[in-house]
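What follows is a short report on a single structure.
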Amino acid sequence: MFKFVFVRTPRPRQFQHKPIYWNPEDDARKERDERVRQRLGQTAQDEPFKTSIKRGSFRKKRWDSPDETADMQAERRRSNIRLLVIALILIALSVAMYWFI
């Protein structure tokens with residue numbers, strides 16, 4: 001008959017995983033590659049992973065920069081002079097505002 005329960009025992013939650021992205025073409029390609037490898041007698045571990053980036057190559061490129069040309073030196077000198085002029089103008093404006101205000 002009817003069973004009345006004051007306290008209900010909770011059931012464990014079920015794990016429901018729904019993949020966000022699934023590409024059946026990619027899976028089919030992987031399966032074909034695996035079949036071909038099995039026919040040829042190869043496994044994925046036979047081919048070592050190779051990269052074109054060598055250890056320390058970024059560091060080497062950074063510190064082995066070419067020597068400065070005359071144009072680069074002149075540009076840096078102009079930039080420093082421009083910065084000094086701007087700083088002097090700002091200082092003069094701040095002194096003028098302090099004296100007159």
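The values are calculated or read from the model by the stated rules, or taken from the named source; none is laboratory data. Worth saying up front: this structure is predicted, and the values here are computed from it rather than measured. In case anyone asks, the SASA skips ligands and DNA or RNA and just uses the protein heavy atoms, side chains included. Shrake-Rupley method; radii C 1.70, N 1.55, O 1.52, S 1.80 Å.
What the table shows:
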{"item": "Linear extension gain, residue 6 paired with residue 29, 0.36 nm per residue minus alpha-carbon span", "result": "2.7 nm"}
{"item": "Sequence of 30, 54, 18 when ordered by accessible area, the most exposed leading, probe 1.4 angstrom", "result": "18, 54, 30"}
